[in-house]
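Every number here is computed from the coordinates shown, using simple stated rules; none is lab data. Quick caveat, the model's predicted, so the values are computed rather than measured. As a convention, Cβ positions derive from the backbone with ideal geometry for all residues, glycine included, and neighbour counts pool all protein chains shown.
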Amino acid sequence: MPEASQDPDFNLNDRTDQSNGGSIDHLLPTGMTDPRPNFEALQQRIAALSPERRALLAQRLQQQGLSPVAAVSPLVPQPRPPIVPLSPAQQNLWVLHQLAPESSAYHIGLSWQLTGALDIKALEHSLSAIVQRHESLRTQFVAPSGQPYQQILSHGLAAPLSVTNLSLLPKAAIAAEVKRLTEQCVKQPFDLSRDPLLRSRLLRLDETTAILLLVLHHLVADGWSRGVLMRELATLYRDFTNSAIPSLPPLPIQYADYTLWQQRWLQSEACHTQVNYWRRQLSGLPALELPTDRPRPAVPNFTSRTCTDTLSSDCVTALKTLSQQSGTTLFMTLLAAFKLLLHRYTAQADIGVGVPVANRNHPEVEPLIGFFVNTLVLRTRFTSRMTFRELLRQVRQVTADAFQHGEVPFAQVVEALQPDRDLSQNPLFQVMFQLQSGYQRQNAANLDLNLPGLDVQQTWLDPGQTKFDLTWHGIEREDGLLLAVEYRVDLFDEARIQRMLGHFQTLLAGILAYPDRPLAEVPLLGPAERHQLLVTWNQTSVSQPPQCFHQRFEQQVTQTPDAIAVTDPNQQLTYRQLNRHANQLAHILKAQGIRPETLVGIHLSRSVELMVALLGVLKAGGNLCAHRSQSACRTGALAADRCSSGAGGDVTGRDVSRNRGRCPSNGRFEPRSRSHCSSP
C-alpha cells in the first residue's frame, strides 16, 4: 500500500533532473518495424533521448569516425556588457520571489552525515573554491530601477561555513535540535540582492559525526547542478586533505556567457520557429480539473507533503518490455499511463502535463552550476475507443516533437500564448511528471564519494513547499521504481493521494495485461474498492428501527441544525428553521381537529412551503392525501376517499405562509364533514 514516507533514495530537489525521455536499456528506443528508418524518423528518435544520452551518442559516433547527427556550434565566453541580464527562467523566478519572498519552494537542500575524521578546514576550502569557480554562486540579483540584472562579484561572496557544536547537549536532545536547525537552514529566506545563494552549515554531533547542510536558491542551481556540486566537493576535499593543487579542469564558460548567448538566440529564426510550434500545440489547452478535498484558495500557500509507493522490479521489467515493443522509452510509457490516470479522474479528453528537462544541449554547460532546467508541456487528446497502444503512439510523437522544440524558455511560451493568469495555480499546466531513469549515485542513501577517512550518508531535505498542485516523481532503483507524489495540502488529503497511487498500480497491471483494450475498459479499482462499491455499499437488507419519516427528520435536525435543508428559487431554510415552522403548523392542525389517520389535502406547488406542510401534517398525525401536481382524476378520487372517512381538511399556501410569519391562533385550516364533500 502507498504510504506517506520520506525515502532516503528520493530527493525532491531532483525534480529538475535531466533524465526524462531517455531509454534505459539502449541509447535508442527499439521496436521499429522498418529496418531502414528514414531520416525524419531517426531525428524523432534522437530527439526523444535525454540530453546526456544524445551527447553520449554523439561521442560514440565521433569515436567511429562519423559526424554527429545534430551538431551544434560551441559556446564560447562572451564579451561582458556593463549589465548582464537575467535569463528568461531567472526573470520569471525573480518575479515569483518578489511575490512570495518568504517561500522556500525554490530552495534546493542537501544533507550529508559525515562519519569519521572530518577535516573542517579542507571542507571550508573546498566550498570556497567551488564558489570562486562558479560565477553563478557569486551572483547577486539587484534591481535599483526595478529591472533586475546579474551583479557578479569577483570574490568575497562566499559564505563562511557555520559550525554548530551539539556534542555538549544531552543525547536525547540532539535529534530534536538537529531537526530544528535543519528546518531553519532550509526554510530561511534568501535576500537575492545581498545574500550568498549557497548556504552552508555544519552540525557537530560528536568527535566523529557531523551533518553538513547545503542550501542553494533555484535562481543559481537546478537538479543537475546538485550532482555537479557533489562531485566537485568530493574532488576538492580529496585535494585539500592531501595538500594537492586543486585538480578540477577550468570551466569553458560561465553562466553569464550562456545568458548572453541565449539573449541573441531568442531573436533568431530558430527560436521563432520553436515559439510558433508551441503556439499551435498548446492553443486552447484547458486547465486540468482534478477532484480536490477542498476548494482552491484564491491565495495559495503551496505547503506540501509527500506520499510514496514502489513498483516491483517485475512490473518495471514488464513495462520496459512493452516500451521496447512499442518503440518508446520507459519515460513515455509511464507518462502515458499517468495521463490515463488523470483522464479517468477528470473525464477530460484534453490533458496537458508539465515535464522538466535539463536543457543542457551544449557540452560547454554540462559542468556548470546554474539554472538551465526548462519545462515542456506535453498535450494528449483522448478518443472514445482509443487503446493504450494508440495512446502510447500519440505520447511518443508529441514527446519527440516537444524535445525538438525544447530550447524555448517556458516563460517565453507563456508570453506567446497569453493564457488567463491566476495566482492560485500555474499557467498552462497544474501537474508535473518526472522520471529519473537509471539508479543515480546522487540519489543513493550511502554515497561512495571516496572521501578520505569518511563515510557519507545522504538524506533529502524537504523545503515543505511545492510549485504545483501535484508533482509525480518516478525514481528507478535496483529493487524497482519508487513513486513519490508531492502534493499541496491546501487542496488534497493524504488519503486521496494514497488512493491515486493505488489506482496507478492497478492501471499499470491492466495495461500490461490488456494493452489493446479500449482505455475505458482498463481497470482502475482494486479488488477491495470494487467489493466496497458493489457489495458493502449495496447492502439493502440492513434493518432500520421502526420510525416515521418526521421522526427520522428530527434526528437529522439534531445532527445538523444549521445545514441547509430545503431551498427553492426564492428562499431556503435550515433544518432547525424547517423543523420549527413544521412544529408551528402541526400545533395549528391539532387545534383544528386533526387526529391520527385524518386525511389532509395539500394544495401546494413544489416549494419550501410544501415541505413545511408535509412535515406539519405528519407531525400532527394526519395522512397526506393530495398534491396540486397530481391529476384531476387522482385528486378527485382522494377527495372521495376523504369524504368516506368522515373527516378531512385542506392546507393551502396561505396557511403555511401565515404560519411561517407569526402563527395566528385562527390559522386557516378548513375541516370538512361529509356534507362538505362532493363527488369528483
Checklist entry - What full-extension length gain, to one decimal in nm, is calculated for D350 and E177 as 0.36 nm per residue of separation minus the Cα-Cα distance? => result 57.4 nm
Item to check | Cα-projected label distance for I83 with A287, points at 7 Å along beta-carbon direction, nm | outcome: 3.5 nm
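Using mean Cβ contacts within 10 Å as the protection proxy, how do 324-330, 161-167 order, highest first? Provide the component values of the computation, followed by the final result.
On the way: 324-330: 22.3, 161-167: 14.7.
With the highest mean Cβ count within 10 Å placed first, the list reads 324-330, 161-167.
Please compute the net charge surrounding Y255, taking Lys and Arg as +1 and Asp and Glu as -1 over other residues with Cβ under 13 Å from its Cβ. All intermediate terms of the calculation are to be shown ahead of the outcome.
Numbers: positive: R80, R133, R138, R360; negative: E135, D222, D257, E364, E366.
Net local charge, Y255 excluded: -1.
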Next on the checklist: Can you sort D462, D195 from fewest to most other Cβ atoms within 10 Å of each residue's own Cβ?
Outcome noted: D195, D462
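What FRET efficiency do you get for A520 and E269 if R0 is 60 Å and r is their Cβ-Cβ distance, rounded to the nearest 0.05? Mind showing how you got there, number by number?
Values: r = 44 Å, r/R0 = 0.74.
Calculated value: 0.85.
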Item to check | Relative packing of peptides 557-563, 365-371 - highest average C-beta neighbours within 10 Å first | outcome: 365-371, 557-563
Checklist outcome for this item: The summed charge of the I211 Cβ neighbourhood (under 10 Å; Lys/Arg +1, Asp/Glu -1) stands at +2
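Can you pick out the pairs among K121/K179; K121/K467; K187/K320; K179/K467; K179/K339 whose Cα atoms lie more than 31 Å from each other?
Numbers: K121/K179 25 Å; K121/K467 37 Å; K187/K320 39 Å; K179/K467 24 Å; K179/K339 37 Å.
Flagged as over cut-off: K121/K467; K187/K320; K179/K339.
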Checklist entry - Gain in length, H531 to E415, computed as 0.36 nm per residue apart minus the alpha-carbon separation, to one decimal in nm? => result 36.8 nm
Checklist outcome for this item: Going fewest to most other Cβ atoms within 10 Å around each Cβ, K590, K339 line up as K590, K339
Item to check | Volume of the Cα convex hull of the range 205-318, divided per residue and given in Å³ | outcome: 339 Å³
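Excluding A620 itself, what net charge comes from residues whose Cβ is under 11 Å from its Cβ, given Lys and Arg +1 and Asp and Glu -1? Let's see the in-between values first.
Numbers: positive: K590, R595, K619; negative: none.
Spelling it out: positives minus negatives among the neighbours equals +3.
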